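Chemist: Sharing a structure with you now.
Each reported figure results from applying straightforward, stated rules to the coordinates on display, with no laboratory input. Note that this is a predicted model, so its numbers are computed, not measured. We place every Cβ from the backbone using ideal geometry, glycine too, and count neighbours over all the protein chains shown.
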Amino acid sequence: MEETNTPSKYYYSIGEVAAMFNVNTSMIRYWEKEFDVLRPRKNKKGNRLFTERDVRYVHVIYQLLKVKGYTLAGAKQALKERFSDYEERIIMLETLDKTRSFLLDLDKALAEKQKKS
């Protein structure tokens, strides 16, 4: 997965969340069934509405399963034992990614300004 920027909307559709992590919507629905922490709200039509916190849960689950290679049972156990540690790491990754994006944008703007001078 490419590191994502921290979400900035109040609610995200399942399609938007799946796109953030380059997985199918069926994978997100499966994780929702398997992991108690992941409980997005549903509107009257039954569409899932993911908050920033829900997206962070998906990010933690993604990191454990797809990046670190945990089994489903191993990821569940890790979340039970050390969820706050994983959540803290995800927050740090998101902050670093935002900072990196800011610095790259700043560098680009400075380079363009220098070219004009």
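Chemist: If the requirement is being within 16 Å of the chain's Cα centre (by Cα) and surrounded by 13 or more Cβ atoms within 10 Å (Cβ to Cβ), which of these qualifies: Tyr10, Tyr70, Tyr86?
Modeler: Residue meeting the stated conditions: Tyr86.
Chemist: If you don't mind, another one. Quick test of your reading of the structure: Met92 fulfils all but one of (1) touching a residue at least 12 places away in the same chain (Cβ under 8 Å); (2) of a type in the set (A, V, I, L, M, F, W, C); (3) farther than 24 Å from Glu34 by Cα. Name the failing condition by number.
Modeler: The number of the failed condition is (1).
Chemist: Right, next: Out of all the residues in region 85-93, is one or more among the β-branched types (Val, Ile, Thr), under 20 Å from Ile14 (Cα atoms) and touching a His at 6+ places or on another chain (Cβ under 9 Å)?
Modeler: Scanning region 85-93 turns up at least one residue that is among the β-branched types (Val, Ile, Thr), under 20 Å from Ile14 (Cα atoms) and touching a His at 6+ places or on another chain (Cβ under 9 Å).
Chemist: A follow-up question, please. Could you tell me which numbered condition Asp85 fails, if it satisfies all but one of (1) of a type in the set (D, E, K, R); (2) part of a helix (DSSP H, G or I); (3) closer than 22 Å to Val17 by Cβ?
Modeler: (3)
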